[in-house]
């Protein structure tokens, strides 16, 4: 470095580079952090300085310098880089290091049309002074590099054209709480806001991207997951496509239930015409999903669901692979194939699966979801009828094709519809589950639309969040974060807007929530267990408390504000909880030994009902986990230091507790099979009223000749079914290449990439 270098200030003037000032900033960023060298950061920065460099570029250079030093041996540079970003943010947002009074920030950002104007009406200046006194700006210094980069890139209110940022993380988190609880009674709302802020700023709870980015602004769409069902009519198909467009434009992840559309060659209008089959209509849905993009960079994403017994299933299973031409392939949708017990029995007995057009057997469509015993009877009757068009295929052939396509594409999913209904919140007779969402963790009722304004249709939305297991000291510690999240998310349902009437009516009737888990791998590591050798009794005990307190919180809210309007369609109204309907085969994995007072809770549910018809869903949580310096959902980490690629660049994230737990983590590709992970999911599912986004991952190095036998894959899905599994999400295969740079977590136009919680938080948190 040399004092002769001139830097360009914001006003265009040029002044000599102040080495002493840079020195102080870097030393301050390193203060109190072990294993880091201020001089090393300073030296690395100086290499990139040049004549005329701007003050903002100097800040970014120092940040990059610290970030480049992050490694397994020197992980604490992530804190240095995070602090440097924090300093930079304060200067950009406030033009000074000390944040101004909260009321001044709100007034300024309302004037800039960045904040909801009613923020100035909801609270007095005295209340703002109190809120301000509760903000601990020093907590920004606890953010890691990945967390701060995600925060400033995705969550902080900003003008994306001028790159101007108007707030810092602590202000954002306080105002989210203030917005959510603003209409609580004046004698209690400040208490709830404070508790919410404390919990979210200490990373006890994790919020989805739509909430973090939108709550406190004029944006009013915060649901991560949207489930839309179509029936077998042109009006319904067109209404579904229109609804997809509306919600894709709102950055939601879409699940499309399309299994009722009749097959190729089916009769239309009494035989005056024959049907073109489902593929043209699936292409219509693909076009709807891809029609809206964000800044021309990112397109929407959806998973389309259909039953294994559909007449065209052999063609549908291969829609995503790269072997055909565009006319017979639809590659920019993901697919969920639906099974139930009948088809597993056919597989195990060496039998056939008979394929039908849904239009020829409408009674099968309904009973497939609502009544598996009736479905079996009707299915066997239909198989014997000579008047119905049908096709028989060996079950092993269909299952093998399904597994091969799942393995080759990674993106053919599985849904066990009988488990989704038998072990769900809803009474199937009244509200059957017919599909899931983009990321395979949501199980909510849907009804087809006749038109876009149909009040009798039902589009299901789910609003997500998660509890950080890594920051909970014991099972009793779930009570407060569970209560905070249920209350906050329930407020959100009334606060947000609804682009489609069927979505608003459904949400107001059922008030569904989905609270998940983050930092599970860290929790396991610090408790001395691995995915291959999990402590299932301990997992069972913690999951029980987590589930119990969520249900209890919603029941308490029902006592205060009334149950959801369609409480009577839930099993909760009968005093039936997830612990009462799980597959008892799970008891083979861990003895059934409940610790919580379920008897009292069941009584209270029968008396007062439930405020929220669903409460749990274990979603992917890539982005929100980074914010909390946590591991992703319930997933094992791929590396101790992961290099994650997104639209905002490449980020290094270090697993929590790397200093003392480095040898305690079991990484993804170290697992010799997914069986341990699947057993964990089986135990967790016992307490979940919706589903789990369950991935299966295989490293060929652990198999003979580095080939994963198809028999192994089939055995794993049979085992998954045996223990009550509902949905399987990604199929991951290690190809032997470096696993440092992961796939981008968003679907880019022209590419076929997974989605993270920004679109789906959800899902992805």
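Brief remarks on what is shown
- Those helices (runs of 4 or more DSSP H) of segment 394-497 in which 1 or more residues are within 23 Å of residue 575 (Cα to Cα), outside the structural domain of residue 315 (by TED's automatic domain parsing) and more than 18 Å from the chain's Cα centre (by Cα) occupy 417-422, 479-495.
- Given (1) at pLDDT below 95; (2) not in a helix (DSSP H, G or I), number of the condition residue 74 does not satisfy: (1)
- Tally, over segment 327-352, of residues that are within 16 Å of residue 416 (Cα to Cα) and touching a strand residue (DSSP E or B) at 6+ places or on another chain (Cβ under 9 Å): 12
- Filter result for residue 505 (buried (at least 22 other Cβ atoms within 10 Å of the Cβ) and either over 24 Å from residue 343 (Cβ atoms) or in the same structural domain as residue 565 (by TED's automatic domain parsing) (or both)): no
- Residues (modelled with pLDDT of 95 or more and surrounded by fewer than 17 Cβ atoms within 10 Å (Cβ to Cβ)) located in segment 296-314: 314
Condition check ((1) crowded, with 19+ Cβ neighbours inside 10 Å; (2) touching a helix residue (DSSP H, G or I) at 6+ places or on another chain (Cβ under 6 Å); (3) at pLDDT below 95; (4) outside the structural domain of residue 464 (by TED's automatic domain parsing)) across all residues:
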residue	(1), (2), (3), (4)
585	no, yes, no, no
599	no, no, no, no
618	yes, no, no, no
623	yes, yes, yes, no
665	yes, yes, no, no
677	yes, no, no, no
681	yes, no, no, no
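- Summed over segment 576-592, residues that are part of a helix (DSSP H, G or I) and either over 14 Å from residue 544 (Cβ atoms) or touching a strand residue (DSSP E or B) at 6+ places or on another chain (Cβ under 8 Å) (or both) total 5.
- Out of 761, 743, sole residue that is at pLDDT below 90 and crowded, with 20+ Cβ neighbours inside 10 Å: 761
- Residue in segment 92-102 that is touching a helix residue (DSSP H, G or I) at 6+ places or on another chain (Cβ under 6 Å), farther than 30 Å from residue 189 by Cβ, modelled with pLDDT of 95 or more and part of a helix (DSSP H, G or I) present: no
- Tally, over segment 338-370, of residues that are farther than 17 Å from residue 230 by Cβ and outside any helix (DSSP H, G or I): 10
- Among the conditions (1) buried (at least 24 other Cβ atoms within 10 Å of the Cβ); (2) modelled with pLDDT of 95 or more, the only one that residue 224 does not satisfy is (2).
- Selection status of residue 288, crowded, with 20+ Cβ neighbours inside 10 Å and assigned to a loop (DSSP other than H, G, I, E, B): no
- Elements of type helices (runs of 4 or more DSSP H) contained in segment 141-231, each with 1 or more residues being on the phi > 0 side of the Ramachandran plot and in contact with a helix residue (DSSP H, G or I) (Cβ under 8 Å, 6 or more places away or on another chain): none
- Residue list for segment 701-721, restricted to those being part of a helix (DSSP H, G or I) and closer than 17 Å to residue 676 by Cα: 702, 712, 713, 714, 715, 716, 717, 718, 719, 720, 721
- In the condition set (1) out of contact with any helix residue (DSSP H, G or I) (no Cβ under 9 Å at 6 or more places or on another chain); (2) surrounded by 18 or more Cβ atoms within 10 Å (Cβ to Cβ), residue 272 is compliant with all but (2).
- On the stretch given as segment 519-552, residues that are over 30 Å from residue 458 (Cα atoms) and either touching a strand residue (DSSP E or B) at 6+ places or on another chain (Cβ under 9 Å) or in a helix (DSSP H, G or I) (or both) total 18.
- Qualifying residue in segment 120-129 (condition: at pLDDT 95 or above, assigned to a loop (DSSP other than H, G, I, E, B) and surrounded by 15 or more Cβ atoms within 10 Å (Cβ to Cβ)): yes
- Test: residue 503 is touching a strand residue (DSSP E or B) at 6+ places or on another chain (Cβ under 6 Å) and modelled with pLDDT of 95 or more: yes
The values are calculated or read from the model by the stated rules, or taken from the named source; none is laboratory data. Note that this is a predicted model, so its numbers are computed, not measured. Quick reminder, even Gly has a Cβ in these numbers, built from the backbone with ideal geometry, and neighbours come from all protein chains shown.
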